[in-house]
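Here's the structure we're looking at; comments come further down.
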Amino acid sequence: MRSILALACSLACALLFIPLGLTATPHPAAAAGPLTNTVYLPNITKMLGGGDGWQTPFIVQNVGSVATDLTMDFFSFADGSLVKTRSVTGLAPGTSVFHDPNSDPGLGTTGQFSVVVKSFGAPVVSVVNEHQNVTNSARQEALSYLGLTSGSTRVFLPYAAKNAAGWLTTFIIQNLGGAPTNVTAQFKSLDGTQTVSVPRTIAPGRSQFIDPTVEPSLMAGLEYSVNLTADQPIGVVANAHNDAPGTPAPKGFSYNGIPAPSWATSFMPYVQKNVNGATTRLIIQNAGTTTRSPTVRFRLAAQFATPIIVNGPDLAPGASWSYDPASNGAIADGEYGVTFAGGPWAAVAASLGPTTAAGSSSTALQVTTLYFPNVTRTLGGANGWTTPLAIQTTGADSATLKWYRFSDGALVFSQVLIFNDFGQTFRIDPRQIPDLTDNTQYAVVATSGSGGMAGLVTELNFSGGDGAMNYEGVPPPPGVFGVPSCGPSQAPLGTTFQCVFYGFPPGGTIASISVMRPGGSSTLDTTLFRIGADGTLVVPYATFFASQVGLLTMTATVGTQAQTIQFTVTPQSFPITITESKWRSLAANTRPGIACSAAVVLPNGQLLSDNAGLSPRVTNAQGNVQWIYTKQANTTGTGTHVVECTSGAESPAASASFTAP
């Protein structure tokens, strides 16, 4: 974004663009302290194609609680050599550093690079913006992708094209492992007529591209799904373009390749039907190991709405199906949150308008923290960049958004979202929040209760051309691929731990998942999970009650193979006190201004159904909250009230008994 470049340069040009001295053979710089995490940027360019060609400014944000030091290693696409290293010291918590390759004299003009960002002290995340023709607003193109904090040995691309209705898709593969890797990209045409494999060999940290125009085995005029297999973890970014010379309205979109999911349901936070002339085409890929068919659920982004269900065809492993909501009259014009059941699935949403295109990738994760490093309100003027957010529940009852000003890291605004339906999406436009100011840049942190959320940002510029691009919310950086672990390894009661196992047979049958805790043991419903095509199993485990405090051991058994992971739950960081527990009436006290949910367990062990009376609500200034619900007739005996309250990403619970009638 031109306006972002100008703003960031006015704030910190002296810091950002000091050239580093290079020796004849540069080597990656070392930083003090242990390595915290690594972010990979597969495709960074400087004036690629000419002075107004492709440029890729990027932002790196410190999402930890202490300052951190960074190194950024730039490797040439041409020969894999290290071109330069940039070092940043003392990046404060919540703040960001910006790098503009076009303004960096240490990078060659028309250059293309892979970048490896290492953080020493705190976790970081990154987002990259890809721009072309920024001086010609009528022909500008804008794309965006996430920096990669983890990879997989199996990555899925639901959509690729070779001159199909004007569209061409190139993709860039980066080796995230510690040794050279052999990659095979298998293309399957959406019409089922062609299957082709394309190999690549990639050194650690380096990138290679696949351009269908120079692959003679790929037929022109076809659309494809792609699945990539490697012997080291890889990350992939796909760039789709409809911008051949003479195209009256050039446009493009980018999306991140999807690591093999291990959850039966995937989520897409934002889908359009005829919104400002744009409709979202969905391309859904079977990311599993057996034939299956998707169930697609469209949930209108409104407080109360009846979902529309669409059943897709049987898909072989790796195959994709394209669905256009415009073909279904039952789907009204509007904005939707979409879920894909019966998976595992990988999906891409391509929102296409007369002059714009924006793409996003599905997720099968249920995370309780998401980072949005670049959120703006009319940055550069009334027609400048504005970035609405879409937050979708993947099971949580609520989410909290905190808006931090980019320039000084100050918390400017907080808001609580209350969900009342699975898969529901809220869309938040910064222009509609009075506490935010025009021509300003923010970083947003979203947290939710147990069950998690998904989210994405749509970056919009109204000066003409293809001024639209998406990027997804970034979860906390995971552990090292191939090393079983839970994230975090230690946290207060109320945390949802993301536990990841590796090395199971791809597509294997899960016999059991159990958790041993100081207060006993429990088993999880294995029907919710899948062993991914890369042999991974991701298990989100929510903690609520004091009986879960201590050292916990999770064991997953697949066939005769069992693996265990340990993690520690510390006491909850804030209290929840039930102040009234009567048949029909429930009250509690906790922190002010946070969301709480209630449940009534009847004497017969069943849950009381009263969506209105037991809806989630926000505590008042004194921290009080109350529910009055409808009694169920002919109920006698002792039941239990449960209250779960969410502060940040922690959702502990309290319980109390009641007697009916």
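The values are calculated or read from the model by the stated rules, or taken from the named source; none is laboratory data. Remember, predicted model here, so these are calculated numbers, not experimental data. Please note: Cβ atoms are built from the backbone with ideal geometry, for glycine as well, and neighbour counts cover all protein chains shown.
Tabulated data for the structure shown
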| read-out | value |
| --- | --- |
| Residue among TYR224, TYR255 that is surrounded by 21 or more Cβ atoms within 10 Å (Cβ to Cβ), assigned to a strand (DSSP E or B) and more than 23 Å from the chain's Cα centre (by Cα) | TYR224 |
| Check on THR363, closer than 26 Å to GLY451 by Cβ and either touching an Asp or Glu at 6+ places or on another chain (Cβ under 9 Å) or of a type in the set (D, E, K, R) (or both) | yes |
| Residue match in the range 421-440 (condition: aliphatic (A, V, I, L, M), without any contact (Cβ under 8 Å) to a residue 12 or more places away in the chain and more than 18 Å from ASN129 (Cβ to Cβ)) | no |
| Residue in the range 513-521 that is at pLDDT 95 or above and surrounded by 18 or more Cβ atoms within 10 Å (Cβ to Cβ) present | yes |
| Given (1) buried (at least 21 other Cβ atoms within 10 Å of the Cβ); (2) on the phi > 0 side of the Ramachandran plot; (3) not hydroxyl-bearing (Ser, Thr, Tyr), index of the condition ALA238 fails | (2) |
| Test: residue in the range 59-66 that is farther than 27 Å from TYR404 by Cα, assigned to a strand (DSSP E or B) and in contact with a Gly (Cβ under 9 Å, 6 or more places away or on another chain) | no |
| Matching residues, the range 590-610, being assigned to a loop (DSSP other than H, G, I, E, B), in contact (Cβ under 8 Å) with a residue 40 or more places away in the chain and within 19 Å of PHE544 (Cα to Cα) | THR590, ARG591, ILE594 |
| Residue count, the range 424-435 (criterion: in a loop (DSSP other than H, G, I, E, B) and either within 21 Å of VAL474 (Cβ to Cβ) or not assigned by TED's automatic domain parsing to the domain that holds ASN383 (or both)) | 1 |
| Answer from VAL642, VAL569 - the residue that is crowded, with 22+ Cβ neighbours inside 10 Å, in a strand (DSSP E or B) and within 33 Å of the chain's Cα centre (by Cα) | VAL569 |
| Answer from THR560, THR555, THR526, THR509 - the residue that is without any contact (Cβ under 8 Å) to a residue 12 or more places away in the chain and either buried (at least 22 other Cβ atoms within 10 Å of the Cβ) or more than 21 Å from GLY449 (Cα to Cα) (or both) | THR560 |
| Residue list for the range 258-282, filter: part of a strand (DSSP E or B) and closer than 30 Å to ASP534 by Cβ | ILE258, PRO259, TRP263, SER266, PHE267, MET268, PRO269, TYR270, VAL271, THR280, ARG281, LEU282 |
| Residue ranges of strands (runs of 3 or more DSSP E) in the range 301-350 with at least 2 members modelled with pLDDT under 95 and either of a type outside the set (Asp, Glu) or over 22 Å from the mean Cα position of the chain (by Cα) (or both) | none |
| Pair list, Cβ < 6 Å and 6+ apart or interchain, from the range 338-353 residues that are in contact (Cβ under 8 Å) with a residue 12 or more places away in the chain to residues that are part of a loop (DSSP other than H, G, I, E, B) and among the hydroxyl-bearing types (Ser, Thr, Tyr) | THR339/THR265; ALA341/THR265; ALA347/SER362 |
| Evaluation of LEU586 against (1) part of a loop (DSSP other than H, G, I, E, B); (2) buried (at least 16 other Cβ atoms within 10 Å of the Cβ) (one fails), failing number | (1) |
| Residues within the range 609-636 that are buried (at least 19 other Cβ atoms within 10 Å of the Cβ) and hydrophobic (A, V, I, L, M, F, W, C), tallied | 3 |
| Matching entry among GLY559, GLY613, GLY648 (being in contact with a Ser or Thr (Cβ under 8 Å, 6 or more places away or on another chain), modelled with pLDDT under 95, among the small types (Gly, Ala, Ser) and within 22 Å of ASP525 (Cβ to Cβ)) | GLY559 |
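Here is a yes/no grid of residues against (1) closer than 25 Å to ILE510 by Cα; (2) polar (S, T, N, Q); (3) in contact (Cβ under 8 Å) with a residue 24 or more places away in the chain:
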{"site": "PRO216", "(1), (2), (3)": "no, no, no"}
{"site": "LEU222", "(1), (2), (3)": "no, no, yes"}
{"site": "ALA230", "(1), (2), (3)": "yes, no, yes"}
{"site": "ASN242", "(1), (2), (3)": "no, yes, yes"}
{"site": "PRO250", "(1), (2), (3)": "no, no, yes"}
{"site": "THR265", "(1), (2), (3)": "yes, yes, yes"}
{"site": "VAL271", "(1), (2), (3)": "no, no, yes"}
{"site": "THR279", "(1), (2), (3)": "no, yes, yes"}
{"site": "ILE284", "(1), (2), (3)": "yes, no, yes"}
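Here's the yes/no breakdown for (1) assigned by TED's automatic domain parsing to the domain that holds GLY178; (2) part of a strand (DSSP E or B); (3) small (Gly, Ala, Ser); (4) under 18 Å from THR149 (Cα atoms):
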| residue | (1), (2), (3), (4) |
| --- | --- |
| PRO42 | no, yes, no, yes |
| LEU70 | no, yes, no, yes |
| GLY94 | no, no, yes, yes |
| SER119 | no, yes, yes, yes |
